[in-house]
Amino acid sequence: MRQKLLRLGAFLAALLLCTAVGLLVGRLSNSPLAGLLCSAALGLGAMMLSDTLKGNRLLAWLRTDAEGPAPGDIGVWGEIAHLTEKVLLRREQRIEQEQQRLMRFLAAVEASPIGVMLLDANHQISWCSRVAADHLGLDPKRDIAQPVTNLVRMPAFVEHMSAGPSEQAVSFPGPNGNRLSALVQPYGDGLQLVLTQDITERERAETMRRNFVANVSHEIRTPLTVLAGFVETMSELPLTEAERKRVLALMSAQARRMQDLVADLLTLAQLEGSPRPPADQWVMVAKLLERAKSDALALSAGRHDLHFDGGEDVQLAGSQTELQSALSNLVMNAVHYTPPGGRIDVHWSAADDGWGSLRVNDTGIGIAREHLPRLTERFYRVDGSRSRDTGGTGLGLSIVKHVVQRHGGEIDIQSEPGKGSTFRLLFPPSRVRHVAPALQPDAGVATSS
Ligand code: ADP
């Protein structure tokens, strides 16, 4: 408002000045027409001068990339400046919004475990996500504009890139000893999108699955072949009664071996497929020891010196069936791998930090140090024929390990050839509780809390 008044004042002052000069010129020249022309010319000149000055101010503002507020007191030029400023502001806001969308999009790409890399028509890197850079051992900033095959030199990858677009992903060893797969997809005008993935775990699982199937087939084929041989013998040869009985006994042993194998495989499959054992079902440790003891007594048939102790006032949280199977497996192994006359100790103890331990100690044949790390692998046996002679499936310890891990614990194995072995199942404090003898149930092994 103040500026408008000022502008009006300046305009009136200029008008007054032009009129006064025109009157003066009219009087001096004694020609009113000359005076009129003079004031008109002066007024026109003043208007042009003012317009030029205002235009120049607008130009000066535009030349600074429209920095700062638009000049407002320059009449119609001010209007132009104001409109220009609004157009620029709207455009800036749109660009800002687009940039934010792009940032969000890039953040989503970066969050993906799949690496993304963009290549130009010459296979030079135009953009690379952090994950792709980690996979391929690149620097997402430094390596921009570098030909990708100069940096990733694995022959399979280089060959794949030079062969042109393909629907198939290529797999190759990564820089960190991992296995990678890369899928190259063309897009736009000769550009390429490379998607990378770490497939180390997937390949390992696939190899394990293949080995497992091969092992199972092998384990089943052996008794099956023997059985088929006996069937043939019985159908083709005339056998005496005694021979027939012997062959039938051998056949039944092979059938039992297959049954044991299938039972252990089913147990493993169940352990892998079922949810973790409950943390509020409590199992009396004494009952676990009691049942393991009666199994061991039956199997040992008086050939070993057996000792079971501890755990009278302790409960473990979890599955009674699983815990029983784990403990019995260890105890049966101890009987199998301890020569007659040897001693077997099964003992429960709790450490000061609250961890509980079920320990099975024997004075048996022991295990050489190099076998210890692999002992809980499926079908791993130190001595294959000895294990089979004892009716072992090679799956026992892998079941034990699964069970104890499902209960939040771990297995510890110490052994010395010729001296014996100690297997310890360790349970975390959250799964161990002490109960007053009065609270112990007389029958049944599991209680809920
Ligand atoms: P298996 O059915 O063959 O006993 P396990 O998984 O129970 O299978 O055990 C794997 C291998 O560990 C066995 O083949 C045996 O060589 C060894 N082993 C297990 N327990 C003992 C033990 N107490 N003493 C010596 N060796 C053992």
Starting from 0.36 nm per residue, how many nanometres of slack lie between Met47 and Ala242 once their C-alpha separation is accounted for? 56.6 nm
In this structure, the FRET efficiency calculated for Ser31 and Arg2 from their beta-carbon separation, with R0 = 30 Å, to the nearest 0.05, is 0.15
Net charge near Arg130 (other residues with Cβ under 14 Å of its Cβ; Lys, Arg +1; Asp, Glu -1) is -3
Charge dipole (the chain, unit charges on Cβ, about Cα centre) - positive-most of Ala334, Ala214, Leu83: Leu83
Report the Cα-based extents of segment 2-90 along its three principal axes, largest first, to the nearest Å. 60, 25, 15
Ordering Leu299, Leu180, Leu53 by how much accessible area each has at a 1.4 Å probe, largest first, what is the list? Leu53, Leu299, Leu180
How large is the convex hull of the Cα atoms of segment 206-273 per residue, expressed in Å³ as a whole number? 71
Taking only C-alpha positions in the chain, Rg and Dmax in angstrom work out to 45.3, 164
Relative to the Cα centre, what is the charge dipole magnitude of segment 206-273, using +1 at the beta carbon of each Lys and Arg, -1 at the beta carbon of each Asp and Glu, and rounding to the nearest 20 debye? 60
Size of the dipole of segment 2-90 about the Cα centre, Lys and Arg at +1 and Asp and Glu at -1 on the beta carbon, nothing else charged, in debye to 20? 180
Over segment 148-241 - Rg/Rh using Cα atoms and the Kirkwood inverse-distance radius: 1.43
Output the DSSP H helices from the chain with an along-axis C-alpha extent of no less than 27 Å and a mean Kyte-Doolittle hydropathy no less than 0.0. 2-29, 32-63
Largest first, what is the accessible-area ranking of Ile80, Ile399 with a 1.4 Å probe? Ile80, Ile399
FRET efficiency (Ala108, Glu410; Cβ distance; R0 30 Å; to 0.05) is 0.15
To the nearest Å², the heavy-atom accessible area per residue of the chain with 1.4 Å probe amounts to 60
What part of the accessible area of segment 281-448, given as a whole %, is carbon or sulfur when the probe is 1.4 angstrom? 49
So how many Å³ per residue does the convex hull of the Cα atoms of segment 166-209 work out to? 74
Considering only the other residues whose Cβ falls under 15 Å of the Cβ of Leu289, what net charge follows from Lys and Arg at +1 and Asp and Glu at -1? -1
Label points 7 Å out from Cα along the Cβ direction at His434 and Arg153: separation in nm? 6.5
Give the residue from Thr19, Ala41, Ala66 lying farthest towards the positive end of the charge dipole for segment 2-90; charges sit on Cβ (+1 for Lys and Arg, -1 for Asp and Glu) and the dipole is referred to the Cα centre. Thr19
Out of Met117, Met103, Met258, any idea which swings most in a Gaussian network model of the chain, alpha carbons joined below 10 Å? Met103
Cα convex hull of segment 281-448 - mean projected area over all directions, nm²: 9.5
Spatially proximal lysines relative to Lys293 (Cα-Cα < 29 Å; intrachain offsets below 8 disregarded): Lys401, Lys419
Please find the FRET efficiency linking Glu370 to Glu85, where r is the Cβ-Cβ separation and R0 is fixed at 56 Å, and quote it to the nearest 0.05. 0.10
With a sphere of radius 15 Å drawn around the Cβ of Arg256, what net charge do the other residues whose Cβ falls strictly inside it have (Lys, Arg +1; Asp, Glu -1)? -2
Return the sequence-ordered ³J(HN,Hα) values of segment 377-385 in whole Hz as given by the Karplus equation 6.51 cos²θ - 1.76 cosθ + 1.60 applied to θ = phi - 60°, using x for Gly and Pro. 6, 5, 6, 7, 10, 6, 9, x, 6
Would you compute, from DSSP H runs of 4+ residues alone, the mean residue ellipticity of the chain at 222 nm, taking -39500 (n - 2.57) per run and dividing by the full residue count, rounded to the nearest 500? -18000 deg cm²/dmol
Hey, what does the equivalent ellipsoid look like for segment 187-309, semi-axes from the Cα gyration tensor as sqrt of 5 times each eigenvalue, largest first, whole Å? 45, 32, 11
Net dipole in debye of segment 112-198 [+1 Lys, Arg Cβ; -1 Asp, Glu Cβ; about Cα centre; nearest 20]: 220
Rounded to the nearest percent, how much of the accessible area of segment 153-219 (1.4 Å probe, protein heavy atoms only) is carbon and sulfur? 55
Diffusion coefficient, µm² s⁻¹, Stokes-Einstein with Kirkwood Rh over alpha-carbon pairs of segment 113-190 at 10 °C and 1.306 mPa s: 126
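The values are calculated or read from the model by the stated rules, or taken from the named source; none is laboratory data. What you see is a predicted model, and the numbers here were worked out from it, not measured in a lab. Quick reminder, even Gly has a Cβ in these numbers, built from the backbone with ideal geometry, and neighbours come from all protein chains shown. SASA here: full protein model, heavy atoms, side chains in, ligands and nucleic acids out. Shrake-Rupley method; radii C 1.70, N 1.55, O 1.52, S 1.80 Å.
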